[in-house]
Amino acid sequence: MTRFASALALAFLLALPSAVRAQETFLLKVATVAPEGSVWLKVMRQMAKDIEKESGGTIQFRFFAGGVLGDDKTVLEKMKYGQVQAAGLTGVGLGEVLPETRVMELPFHFRTYKQVDCVLNELQPDFEKKFMDAGYVMLGWSDQGFVYLMSRKEIRRAEDMSGTKPWVWDVDPLAKAIFQAFKLNGVPLALQDVFASLQSGLIDTVYISPVAGIALQWYTKVNTMVNLPITDGAGAILLSKSVWDKMSPAQQTLLKTKVGEYTRKLNVATRKLNDKSIDVLREKGLTIVTPDEAQVAAFRVKGKEAANLLVGKLFSKALLDRVQGLLDGKCK
């Protein structure tokens, strides 16, 4: 090839859009507290294979499950320094970055998953913009399904909460507000200390999704479950914006589209498994207590008290009013 032809070929390649030129390869290290073998990891590994194939190997994943890299707060610190590029965070972790996302976990507010999806659909564009402003890209929303109270005590009425020794995640202001509404001082503990504390009697009441309660074996240390959702366990996959900005538009589109697709599949799978897990808990000997209509109303009053305690701390009164209005109207 002549010198002129070589120069012409180089100029042509430089003129091509980035999607056509050779793309940079990214290894995304993803941290999560979800345990190995969980439905979350199974679906995410399928997603990783799909994205790696469609990206021609330019986007790859390595998962760190079961909290081996620390809790949400620790993982967010690692993301700041580039040690981890992405994370599957719980609502607690999301709240560390954007406190107002905790409005998706208002206690005793959501009755159905349809309501959860409806409210999220209204709020997600604003969440995504604010996460971007904070230095993160929200790739997909991935909840844990409904969370329930489990206890050694039989809880049929709101008044039965009196005298319980509930666990609260030590970094979770929302959980603290819930038990404050019941005039209880929860015992603050890290997630990994809950099982031993149930075993020792330091605590006797926890809140968790049925599927997670089984995976973590917490169900073996309690006797009853209150069949009334406290909240929907929010979660999402965040990517460091510094990594996102280095990707080509084609890579960005592929990643956002596929993660969104698979997190929607994951939500369906998790919710179904969560519902089935209630039957599993019953088979394993737990008493499943369903409060009557009057008691459901009493629990909901406590939920509103807790939500009001969080105004100005996690979210504004305007946002709380908006969500409650959606639940009473468009998302009823």
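Could you pull out the pairs from K176/K256; K42/K258; K176/K304; K53/K80 whose alpha carbons sit more than 25 Å apart here?
Over 25 Å Cα-Cα: K176/K256; K53/K80.
Debye calculation, C-alpha points only, no solvent: report log10 I(q)/I(0) for segment 44-180 at q = 0.09, 0.13 Å⁻¹, in the same order as the q values.
Log-scaled intensity ratios, in q order: -0.37, -0.73.
Please report the antiparallel percentage of the DSSP beta bridges confined to the chain, to the nearest 5.
55
What are the ³J(HN,Hα) couplings of segment 95-103, residue after residue, when phi is run through the Karplus curve with 6.51, -1.76, 1.60 and θ = phi - 60°? Round to Hz, x for glycine and proline.
My calculation for segment 95-103 gives x, 5, 8, 9, x, 5, 5, 5, 5 Hz in order.
Express in nm, to one decimal, how much length is gained between A297 and K246 on full extension, taking 0.36 nm for each residue of separation and deducting their alpha carbon distance.
Stretched fully, the A297-K246 segment lengthens by 13.3 nm.
May I have the extent of the alpha carbons of segment 187-297 along their three principal axes, as whole Å values ordered from largest to smallest?
Extents along the principal axes: 53, 31, 28 Å.
Please give, to one decimal in nm, the separation of the simple spin-label points placed at Q124 and E77, each 7 Å out from Cα toward the Cβ.
Output for this residue pair reads 3.3 nm.
Going out from 0 in 10 Å bins, what whole percent of all Cα-Cα distances in segment 125-220 drops into each bin?
The calculated distribution, bin by bin, is 15, 40, 27, 15, 4.
Over the chain, with a Gaussian network built from C-alpha contacts below 10 Å, which listed residue (P249, P99, P291) shows the highest mean-square fluctuation?
Between P249, P99, P291, it is P249 that shows the largest mean-square fluctuation.
Going by amide H atoms built from the backbone, whose H comes under 5 Å of the H on F146, apart from near neighbours?
Hits under the 5 Å cutoff: G233.
With a point put 7 Å past each Cα toward its Cβ, work out how far S316 is from L216 in nm, to one decimal.
Between S316 and L216, the simple spin-label model gives 3.4 nm.
How big is Rg to Rh over segment 218-268, alpha-carbon atoms, Rh as the Kirkwood inverse-mean-distance radius?
1.24
Whose amide H sits under 5 Å from the amide H of M247, counting only residues 5 or more places off or on another chain, with H placed in the peptide plane?
When sequence neighbours closer than 5 places are left aside, there are no close amide H contacts.
Can you match log10 I(q)/I(0) by the Debye sum over Cα atoms at q = 0.07, 0.09, 0.14 Å⁻¹ to one of these, (i) -0.27, -0.46, -1.18; (ii) -0.40, -0.63, -1.13; (iii) -0.32, -0.50, -1.12, based on a calculation from the structure here?
Given (i) -0.27, -0.46, -1.18; (ii) -0.40, -0.63, -1.13; (iii) -0.32, -0.50, -1.12, the structure-derived one carries the label (iii).
Explain nothing, just the number: relative contact order of the chain, from Cα pairs under 8 Å at least 6 residues apart, as a whole percent.
Rounded, it is 26 percent for the chain.
When Lys and Arg each count +1 and Asp and Glu each count -1, what net charge do the other residues less than 10 Å away from W141, Cβ to Cβ, add up to?
Details: positive: R264; negative: D117, E128, D143.
Local net charge: -2.
Any idea how far the Cα center of segment 34-107 sits from the one of segment 297-313, in Å?
For segment 34-107 versus segment 297-313, the Cα centre distance is 29 Å.
For a quick check: with amide H placed at 1.01 Å from N, whose amide H comes under 5 Å from F26's, ignoring anything fewer than 5 positions away on the same chain?
Here I59, Q60 satisfy the definition.
Could you give the length gained on full extension between E159 and Q192, defined as 0.36 nm per residue of separation minus the Cα-Cα distance, in nm?
Value of the extension gain: 9.0 nm.
Place a label point 7 angstrom from the Cα of D133 along the Cα-to-Cβ direction, then list the residues of segment 81-99 whose backbone nitrogen is under 17 Å away.
95-99
Only helices at least 15 Å long along their own axis, judged from Cα atoms, and with Kyte-Doolittle mean hydropathy of 0.5 or greater: name those in the chain from DSSP H. Please list the in-between numbers first.
Values: long enough: 3-15 (18 Å, 1.88); 39-54 (23 Å, -0.55); 113-133 (29 Å, -0.79); 249-283 (50 Å, -0.81); 293-309 (25 Å, -0.16); 317-328 (16 Å, 0.16).
Within the chain the helices that satisfy the rule are 3-15.
Throughout, read-outs are computed from the coordinates displayed, never taken from laboratory work. Predicted, not measured: the structure shown is a model, and the values here were computed from it. So basically every Cβ, Gly included, is an ideal-geometry build from the backbone, and we count neighbours across all protein chains shown.
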